[in-house]
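Written below as structure tokens is the structure these notes are about.
The values are calculated or read from the model by the stated rules, or taken from the named source; none is laboratory data. What you see is a predicted model, and the numbers here were worked out from it, not measured in a lab. Ideal geometry is used to build each Cβ from the backbone, glycine not excepted, and the neighbour counts take in all protein chains shown. Surface areas here come from the heavy atoms of the whole protein model, side chains and all, with no ligands, DNA or RNA. Shrake-Rupley method; radii C 1.70, N 1.55, O 1.52, S 1.80 Å.
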Amino acid sequence: MNISGMHCASCVAVIDQALNKAEGVTKASVNLSTAKGSVEFDEKKINVEEIIRIIESKGFKAEKPGEDVIANEEKRLEKSFLLSALFAFPIFFISMVLMWFHITLPYEHFILWALATPVQFIVGWQFYKGAYSSLKNGSANMDTLIAIGTSAAYFFSVYSILHAPEQGVYFETSAILITLVLLGKYLEAKAKGKTSGAIRNLLNLAPKTATVIEGKDESRVLIEEIKVGNILLVRPGEKIAVDGIITEGHTSIDESMITGESMPIEKKTGDNVIAGTVNSIGSIRFRATKIGEDTTLAKIIKLVEEAQTKKAPIQRFADRVSSFFVPAVIIIALITFIAWSLLEGIRFGLFTAISVLVIACPCALGLATPTAIMVGTGIGAKNGILIRGGDSLESAHMIRSVIFDKTGTITNGKPKVTDIKHIGKKTVSILGVSASLEQQSEHPIAKAILDEADRKNISRTKCTNFMAVPGQGIRGTVRGKNYRLGHFGSTSADKLADKSAIKESHEYIRSLEEEGKTTMILYEDRKKLGLLPVGIIAVADPIKDTSRESINTLKQMGIESYMITGDNEVTACAVARQVGIDKVYHRVMPEQKAEYVKQIQKKTGKVMMVGDGINDAPALAEADIGIAMGSGTDVAIETGDIVLIKSDLRDIPKAIRLSRLTVGKIKQNMFWALFYNILGIPIATGLLYPFTGWLLSPILAGTAMAFSSVSVVSNSLLLRKARL
């Protein structure tokens, strides 16, 4: 939901604490940079309206997602700043410029009073309102410091005019300070708008209308009116409105905005298309399969929004600091005022106390982490790397080893039949019987055999008594004969009818497996005689072109690579050898993979697991970072901490490099945010004044505070120029 009225980390802490204490709320996270909150709750105990009331009871405004809060805040701050500047500029001219030339106006102090009052109580009312809400919640924030500092300067000036003119006035301090703070907040909001550009760019991808075909008629409809099953027409240069499957036509589609793939992708009948991508050359018709929130684009937008709301662990440091920082600053300012008032007079004490209050505003500290996370997740989305949250983005830089699944991860996941060989006399069609057995199976190898049979126009026969035997293969009856396909003879107690025949083929099978091919033996099951091997069929899953490059890059980054697969030792080692992986675990069942992840964690430290997001779900969940391979049209959003839309393993080192760059920026931001305070507060208190004569005026303090926030946001934006 959208939350407005937050100014610093203290505001975030107040809302976070209130929401997480509410009955029915399981988890709540508020982000200062996005002006959004993410709340997980039990609908039976609390609803959205009650959550909004909790936020508003703390002095903030909350509403359901819809409008661009940052853009609205930017416009509001721009108006406030211009109004404040309208009065502050004459005050500056009279108090500073004319003073330099020793020119005094009649009733000068009263003119300054008249000009400063609208700034203090009309423009500056937002600070009083924020301070009141904060104090009501038993805390203090940036508004508290600004309200106390400017009020002290304003009311001291009023007192001086009425009772002690010789004391002088500070109207320029309060008015210019408010103006500078608003300028800083406006520039900050403008910069934050740039950090959230990834979301805006994604939202702008979806077209507003599309052409629907009904019979021979074409009609232009709003995207909200499209239904699953509608046939849509897309002409060259037009955007794809929703996800679907091409029913007619041939074209190439620019998917770079979704997948990060630079080259257009050739598409033909039966291929999938993604909402938001651009049709390049040919006209196509496609059937809508996913609409609204179910489209890949909508899921990506949702994931990026959630990622930018979730906090990174390092953010807890800023939250802890801000919880006691502001009260400590108020105490320091009070001590400063009393000490210098006794030593140098009230005027000097007020001057230094206001400087302390202003220089110490913790805005930059609150922005240090979320702005970097926003930019980092945006860069990831632009490159087809979807990161589920700030915690995942931060943790990825600590990865010490990466575990790869084989099928569909290192390999393409689309096996093909490569070899067929008869054992003994040629009595049956190896491919024909195998295809007949496999037609009831959903295994990828079954699809490879069926595709090869179709390619060679070999017909299938009905299979009865079909049964899948885990770890061994399948069995069934074809044309009255019982067959088995797999490795029954070598992995069970079944008696082989022709041991010499299988022995003769042993070397042949081994040579195939050494090439990384998966072999299966077709047996005729003769109840009295045992299993008679009649043929060998080999299937290979081609290794992705990018696998070796990715693993070499990880090795150069000092990260170890492992492979876990259910395949046999020879095939597994052959694939691992081709891509440069030394450590291989073979014959591992899906439910065992999580245990291997634990073992590797104990051995090496932080572990990243890369899999297809379905069979590897337990291992992905067990790993410190789980990476799910996406298909580009059916992204495994709910499975991994990071989703690679292009299923390109080269994006793994990119994700780790992005994490390192982002964490580096966060640390830089933290340093500069704290550096401003650590350096500024002692100078503002006047500690150096007796030795150096240095003092920090409230106006300079306000300028430094305003631009500390801007510098932190700007530093985060520099991430956008980084090369992954």
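Applying the selection to region 1-58, what residues are of a type in the set (Val, Ile, Thr) and either touching a Lys or Arg at 6+ places or on another chain (Cβ under 7 Å) or farther than 25 Å from residue 187 by Cβ (or both)?
Within region 1-58, the subset of a type in the set (Val, Ile, Thr) is 3, 12, 14-15, 25-26, 30, 34, 39, 46, 48, 51-52, 54-55.
Hits for region 1-58 are 3, 14, 15, 25, 26, 39, 46, 48, 51, 52, 54, 55.
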- Query: Within region 393-411, restricting attention to residues that are of a type in the set (S, T, N, Q) and open to solvent by 10 Å² or more (accessible area, probe 1.4 Å), which residue is farthest from residue 625 (Cα to Cα)?
  - Reply: 407
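Any idea which of 425, 456, 414 is more than 30 Å from residue 303 (Cα to Cα), out of contact with any Leu (no Cβ under 8 Å at 6 or more places or on another chain), among the charged types (D, E, K, R) and surrounded by fewer than 22 Cβ atoms within 10 Å (Cβ to Cβ)? I'd like the intermediate steps shown before the answer.
Working: 456 fails: out of contact with any Leu (no Cβ under 8 Å at 6 or more places or on another chain); 414 fails: more than 30 Å from residue 303 (Cα to Cα).
When all the criteria are applied, what remains is 425.
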- Message: What's the number of the only condition in (1) more than 26 Å from the chain's Cα centre (by Cα); (2) open to solvent by less than 10 Å² (accessible area, probe 1.4 Å); (3) of a type outside the set (Lys, Arg) that residue 554 fails to meet?
- Response: (1)
- Message: Among (1) surrounded by fewer than 16 Cβ atoms within 10 Å (Cβ to Cβ); (2) at pLDDT 85 or above; (3) not acidic (Asp, Glu), there is one condition residue 547 misses while meeting the rest; what is its number?
- Response: (1)
- Message: One residue is enough: does region 260-270 have a residue meeting the conditions at pLDDT 90 or above, polar (S, T, N, Q) and in a loop (DSSP other than H, G, I, E, B)?
- Response: yes
- Out of the residues in region 140-188 that are assigned to a helix (DSSP H, G or I) and among the aromatic types (Phe, Trp, Tyr), state the one that is surrounded by the most Cβ atoms within 10 Å (Cβ to Cβ). 171
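Out of region 636-661, which residues are open to solvent by less than 50 Å² (accessible area, probe 1.4 Å) and closer than 14 Å to residue 372 by Cα?
As a first pass, look at region 636-661 and keep what is open to solvent by less than 50 Å² (accessible area, probe 1.4 Å): 636-637, 639-645, 647-649, 651-653, 655-656, 658-659.
Result: 658, 659.
Applying the selection to region 459-470, what residues are touching a Gly at 6+ places or on another chain (Cβ under 6 Å) and either surrounded by 12 or more Cβ atoms within 10 Å (Cβ to Cβ) or within 10 Å of residue 438 (Cα to Cα) (or both)?
So the first thing to find is which residues in region 459-470 are touching a Gly at 6+ places or on another chain (Cβ under 6 Å), and the list is 463, 465-466.
Result: 463, 466.
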- Query: Which members of region 250-294 meet the condition of being among the charged types (D, E, K, R) and either open to solvent by less than 60 Å² (accessible area, probe 1.4 Å) or touching a strand residue (DSSP E or B) at 6+ places or on another chain (Cβ under 8 Å) (or both)?
  - Reply: 254, 255, 266, 267, 268, 271, 285, 287, 290, 294
- Task: For region 662-669, state whether one or more residues are surrounded by fewer than 23 Cβ atoms within 10 Å (Cβ to Cβ) and of a type in the set (Gly, Ala, Ser).
- Result: yes
- Message: Looking only at residues that are touching a helix residue (DSSP H, G or I) at 6+ places or on another chain (Cβ under 9 Å) and assigned to a loop (DSSP other than H, G, I, E, B) in region 637-647, which one is modelled with the lowest pLDDT?
- Response: 637
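In region 449-459, which residues are at pLDDT 90 or above, at negative phi and not β-branched (Val, Ile, Thr)?
Initially, region 449-459 is screened for residues at pLDDT 90 or above, giving 449-458.
Okay, now just the ones that are also at negative phi, so 449-456, 458.
Residues satisfying the conditions are 450, 451, 452, 453, 454, 455, 456.
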- Query: When you look at residue 247, is it assigned to a strand (DSSP E or B) and either of a type in the set (A, V, I, L, M) or open to solvent by less than 50 Å² (accessible area, probe 1.4 Å) (or both), yes or no?
  - Reply: no
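Right, residue 147: at pLDDT 85 or above and not hydroxyl-bearing (Ser, Thr, Tyr) or not? It would help to see each step written out before you state the result.
Values: at pLDDT 85 or above: yes; not hydroxyl-bearing (Ser, Thr, Tyr): yes.
Against the criterion (at pLDDT 85 or above and not hydroxyl-bearing (Ser, Thr, Tyr)), residue 147 qualifies.
Every residue in region 120-135 that is out of contact with any helix residue (DSSP H, G or I) (no Cβ under 6 Å at 6 or more places or on another chain) and among the small types (Gly, Ala, Ser), please.
133
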- Message: Based on this model, can you work out whether residue 254 counts as of a type in the set (Asp, Glu) and modelled with pLDDT of 90 or more?
- Response: no
- Can you give me the ranges of the strands (runs of 3 or more DSSP E) entirely in region 1-116 with at least 3 residues that are open to solvent by 70 Å² or more (accessible area, probe 1.4 Å) and of a type in the set (Phe, Trp, Tyr)? none
- Task: Would you list the strands (runs of 3 or more DSSP E) that sit entirely within region 546-634 and hold 1 or more residues that are under 30 Å from residue 246 (Cα atoms) and touching a strand residue (DSSP E or B) at 6+ places or on another chain (Cβ under 9 Å)?
- Result: 607-611, 625-629
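Do we have residue 124 as closer than 19 Å to residue 5 by Cβ, among the small types (Gly, Ala, Ser), crowded, with 22+ Cβ neighbours inside 10 Å and under 47 Å from the mean Cα position of the chain (by Cα) here? I'd like the intermediate steps shown before the answer.
Numbers: closer than 19 Å to residue 5 by Cβ: yes; among the small types (Gly, Ala, Ser): yes; crowded, with 22+ Cβ neighbours inside 10 Å: yes; under 47 Å from the mean Cα position of the chain (by Cα): yes.
Criteria met by residue 124.
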- Quick one: which helices (runs of 4 or more DSSP H) sit completely within region 648-724 and have at least 1 residues that are touching a strand residue (DSSP E or B) at 6+ places or on another chain (Cβ under 7 Å)? 651-685
